[in-house]
1. Among the listed residues ILE169, ILE188, identify the single one that is touching a Ser or Thr at 6+ places or on another chain (Cβ under 6 Å), of a type outside the set (Lys, Arg) and open to solvent by less than 20 Å² (accessible area, probe 1.4 Å).
2. Which residues, counting only those in the stretch 182-196, are part of a loop (DSSP other than H, G, I, E, B) and at pLDDT 95 or above?
3. Can you report the number of residues in the stretch 55-104 which are of a type outside the set (Val, Ile, Thr) and part of a loop (DSSP other than H, G, I, E, B)?
4. Do you know which residues across the stretch 12-54 are more than 24 Å from ARG231 (Cα to Cα), open to solvent by less than 10 Å² (accessible area, probe 1.4 Å) and in a loop (DSSP other than H, G, I, E, B)?
5. Find all pairs meeting these conditions: Cβ atoms under 6 angstrom apart; at least six residues apart or on different chains; first residue within the stretch 192-208 and among the hydrophobic types (A, V, I, L, M, F, W, C); second residue at pLDDT 95 or above and buried (at least 21 other Cβ atoms within 10 Å of the Cβ).
6. What do you reckon, is LYS199 basic (Lys, Arg), modelled with pLDDT of 95 or more and either crowded, with 16+ Cβ neighbours inside 10 Å or touching a Gly at 6+ places or on another chain (Cβ under 7 Å) (or both)?
7. Conditions: (1) open to solvent by 40 Å² or more (accessible area, probe 1.4 Å); (2) assigned to a loop (DSSP other than H, G, I, E, B); (3) over 19 Å from VAL292 (Cα atoms); (4) not acidic (Asp, Glu). GLY207 meets all but one. Number of the miss?
8. If a residue must be of a type in the set (A, V, I, L, M, F, W, C), closer than 26 Å to GLY205 by Cα and either assigned to a helix (DSSP H, G or I) or open to solvent by 10 Å² or more (accessible area, probe 1.4 Å) (or both), how many such residues does the stretch 288-317 contain?
Amino acid sequence: MTTFGYFLSSEEHGPRELVRQAELAERAGFENLWISDHYHPWLDEQGQSPFVWSVIGAIAQATSLPVTTAVTCPLVRIHPAVIAQAAATSAAISQGRFRLGVGTGEALNEHILDTRWPPAAERLEMLEEAVEVMRRLWTGELVTHRGTHYKVDTARLYTLPDQPPPVYISGFGDKSVELAGRIGDGYICTGPAAELVEKFHAAGGKGKPVQGGLKVCYAEDAAQARKTVHRLWPTQGIQGEASQLLPLPRHFEQLAEMVSEQDATASTPCGPDPDEHVEAIKKYIDAGFDEVYISQIGPDQEAFFDFYAKEVLPRLR
């Protein structure tokens, strides 16, 4: 049975608001939470980017919902030994309700230390080694590691959950999906792509959870909802590898000037028609996703949760 969660947008909202939304999500009947992990938002217009690990700690105390990072990059900006500690503490404080979603990241967030941004194939190698380092540390043993990409010197984690946090791996190409199936405890994808789910299963992911997410914009006026999406998330209409390679919000703003409202909203349900929202979510169910996460674009959160509690979630269940 597919479960339905809420996707907290760290790019749009500050830490106290994210915690409030998590509480609203639980009251509305959502079963899980996703939360994005960014250093910069995609656009200055989005306006936020709190430190995700502080927010997760607050959410763990304010709700009883499981939380997954969607996703953390444990490669450049933060060493995997530090992410291992953050994830272990998050799992401990949430009493096992934390899942570590990881991916190969974007230069937007990872370039800040003035380090070289590796090509995609190398980042996949780094991700595999990073997961190995984190899992060794979650044993509670003293770890020394001399790998191709990372070094760890006599490190030991003392605060550990009863069970290590599951590692869900994000992927959109064949190689990343193969890695997710081979070493991941689950798979993360942001489009309803049945072929990627099948590849994940074929690569060793059969029986493992598959998470997917989408953005929506509920409003009484559909035209106004489309304008809100175009203002805050025109990046949805940017194709290709730009999202992985560009280092600053202003670069995305420059590209976004070429994105029409139609392109920005092509995959986003906008407005008050519950059938439109249900249809978009059912694409994920039909593609084989076990967990679907929905994010409301814009500030009108209370109306969204009320709408989903009364008009959308009952139809999906």
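The values are calculated or read from the model by the stated rules, or taken from the named source; none is laboratory data. Keep in mind it's a predicted model, so treat the numbers as computed, not measured. Here the Cβ is made from the backbone with ideal geometry for all residues, glycine too, and neighbour counts use every protein chain on show. Heads up: the accessible areas ignore ligands, DNA and RNA and are worked out on the full protein's heavy atoms, side chains in. Shrake-Rupley method; radii C 1.70, N 1.55, O 1.52, S 1.80 Å.
1. Criteria check complete, one pass: ILE188.
2. If the condition is that a residue be part of a loop (DSSP other than H, G, I, E, B) and at pLDDT 95 or above, then GLY184, ASP185, PRO192, ALA193 are the ones that fit.
3. Going through the stretch 55-104 one residue at a time, the tally reaches 14.
4. PHE30 - this is the single residue of the stretch 12-54 that is more than 24 Å from ARG231 (Cα to Cα), open to solvent by less than 10 Å² (accessible area, probe 1.4 Å) and in a loop (DSSP other than H, G, I, E, B).
5. LEU196/VAL177; LEU196/CYS189; VAL197/VAL210; PHE200/VAL177; PHE200/ALA180; PHE200/TYR187
6. yes
7. (3)
8. Qualifying residue count, the stretch 288-317: 1.
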